[in-house]
1. With (1) modelled with pLDDT of 75 or more; (2) over 31 Å from the mean Cα position of the chain (by Cα) as the list, and Ala142 as the residue in question, which single condition is left unmet?
2. Listed residues Ile112, Ile122, Ile74; which is open to solvent by 50 Å² or more (accessible area, probe 1.4 Å), assigned by the TED database to the domain that holds Thr15, modelled with pLDDT of 85 or more and within 35 Å of the chain's Cα centre (by Cα)?
3. For the range 50-62, state whether one or more residues are among the polar types (S, T, N, Q) and modelled with pLDDT under 75.
4. Is it true that Ala403 is in contact with an Asp or Glu (Cβ under 8 Å, 6 or more places away or on another chain) and open to solvent by less than 80 Å² (accessible area, probe 1.4 Å)?
5. What single numbered condition from (1) in contact with a Phe, Trp or Tyr (Cβ under 9 Å, 6 or more places away or on another chain); (2) modelled with pLDDT of 75 or more fails to hold for Asn454?
6. Could you go through the range 372-379 and let me know if any residue there is β-branched (Val, Ile, Thr), under 18 Å from Leu63 (Cα atoms) and surrounded by fewer than 20 Cβ atoms within 10 Å (Cβ to Cβ).
7. Report whether or not Ile130 is surrounded by fewer than 20 Cβ atoms within 10 Å (Cβ to Cβ), within 23 Å of Ile26 (Cα to Cα) and under 19 Å from the mean Cα position of the chain (by Cα).
8. Kindly indicate the residue of the range 24-40 that is under 17 Å from Gly148 (Cβ atoms) and open to solvent by 60 Å² or more (accessible area, probe 1.4 Å) and also modelled with the highest pLDDT among those meeting that condition.
Amino acid sequence: MKILDKYLLKTFLITFTTVFVILFFIFILQTVWLFISELAGKDLDLILVVKFLLFSMPRIIPLVLPLSVLLASIMTFGNLAENYEFAAMKSSGISLQRAMRGLIVFIFVLSIVAFWFANNVIPYAEYKFINFRKNIAQAKPAMAIAEGQFNDVGFYNIKVNKKSGENGNILTGVTIHEKPTNTGENKTVIKARDGELMSNEKSSILKLVLNDGYYYQDVTPKKYEDRAKLPFIKSAFKKQIINIDLSELNKTDDDKENISNTNGMLNINELRYTLDSLNKNLDNEIISFSENINQRVGITKSVVPVKTTIKKKNLPNDLLSRYTNKEKADVIRMASSNVTSNIYSIESTQNDLKEKQRDINQHLTALYEKFVIAFACFLMFFIGAPLGAIIRKGGLGLPIVFAVLIFITFHFINTFGKRLSQEGAMNPFLGAWMSSFILLPLAVLLTYRATNDNGLINFDAITTPISQLFQKISERFFPAQNQK
């Protein structure tokens, strides 16, 4: 490796590392802000918080890495141009492409690492992150109950106004809604002045001791006319003990991973296998529905025709004329019922098929995104490097403005394309790659203009045609003045 390549690589690496760390820290703060409700007020120890952040870090890489490459490229090449180092290189016969050669190799290696990271590390971290969020409130019995909101604990929804005590086991202002077993309504409500959580590490039963409260239960009478009276049962108590079975809730090991069906948790091989199963399931669903609906409307499969000598009967134009009025009403009612049933079945199946297709599109988008992140590193470098050479500005001023504008455009188009593809309005391949396809001509244009030492915008190409137009108008309408 020549001295020039070492110098450029060292300069780029220092800038890239600095920018990456700063942006990574900013996005981590954003993640903490998004999930602050799950972290605050639950007495989490430092280890659990660190695990939460570690599992959430890899999902930030697809955002931070391309932006870091873009900003580092603009700053590095902008500094070189601003300090006339590029002018010295060109005077020595070194072109922009030659100066970029060593960094292109580095970006190529970085793209491979980004692809491997997106295919292996991010799915694993997503898998751990989502399951850890499900179990974070189960690490301690008292942690499962947060102040000022209803908390799902076993067969109860529990709300407390205030928690106190060394372990947060003293509760004040307790409201409990018992979950219904068969009906969809909460029929039992318990309110108490205070209570205490008592648990034993060797037992899976959480004991909730309530003091000075009331017990309400709605009653559904057998007679319909009595239901308008809204009868209920009410009783008061000085002390009541509720035993909550935490046999499932208290499995606090964060290796408890019972959620594994999201597309973000799968690598390429798993996505392909899942897509094959989803497509087969969709095809079987379509075939099954078509056969079912054909049987319902009386359409049978075509068979080999057999020549018969059955005489065709001429049917009257109005078949209903052969029936009585009552029979006509029954026929019409049956036909209307069949049509309504078929329409409902078609609409229901159509919605179900749309959901299945949306699931397939989401998996396809997740598959293509693993390649998009690798290509995005290349794309951002070929936008940032020539742009920095053109604007000839380094530092944190103008480069940040250009980098933020370009990356926001890239991210907005990428998000818009993914949403369209997931809803079926666009092919998933085009939706995932739309941002790259749109910004690729910009990278080619900037590289071409930087190679030919042209500015960012050629104002002569705009002003010259306008001045020529005014010159022609002047020569035509004011010939005497032009002769002078």
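1. Going through the list (1) modelled with pLDDT of 75 or more; (2) over 31 Å from the mean Cα position of the chain (by Cα), Ala142 breaks only (1).
2. Among Ile112, Ile122, Ile74, only Ile112 is open to solvent by 50 Å² or more (accessible area, probe 1.4 Å), assigned by the TED database to the domain that holds Thr15, modelled with pLDDT of 85 or more and within 35 Å of the chain's Cα centre (by Cα).
3. As a first pass, look at the range 50-62 and keep what is among the polar types (S, T, N, Q): 56.
With the extra rule that they be modelled with pLDDT under 75, the set shrinks to none.
No, that holds for no residue.
4. Values: in contact with an Asp or Glu (Cβ under 8 Å, 6 or more places away or on another chain): no; open to solvent by less than 80 Å² (accessible area, probe 1.4 Å): yes.
The answer is no for Ala403.
5. All conditions are met except number (2).
6. Looking only at the range 372-379, we keep the residues that are β-branched (Val, Ile, Thr), and these are 372-373.
Then drop every residue that is not under 18 Å from Leu63 (Cα atoms), which leaves 372-373.
Narrowing further to those that are surrounded by fewer than 20 Cβ atoms within 10 Å (Cβ to Cβ): none.
Checked the range 372-379: no residue is β-branched (Val, Ile, Thr), under 18 Å from Leu63 (Cα atoms) and surrounded by fewer than 20 Cβ atoms within 10 Å (Cβ to Cβ).
7. So Ile130 passes the test.
8. Selected residue: Ile36.
The values are calculated or read from the model by the stated rules, or taken from the named source; none is laboratory data. Predicted model, so just to flag it, every value in this text is computed and none were measured. A quick note on method: Cβ atoms are made from the backbone with ideal geometry, for glycine too, and the neighbour counts reach across all protein chains shown. Remember, those area values only see protein heavy atoms, side chains included, never the ligands or the DNA or RNA. Shrake-Rupley method; radii C 1.70, N 1.55, O 1.52, S 1.80 Å.
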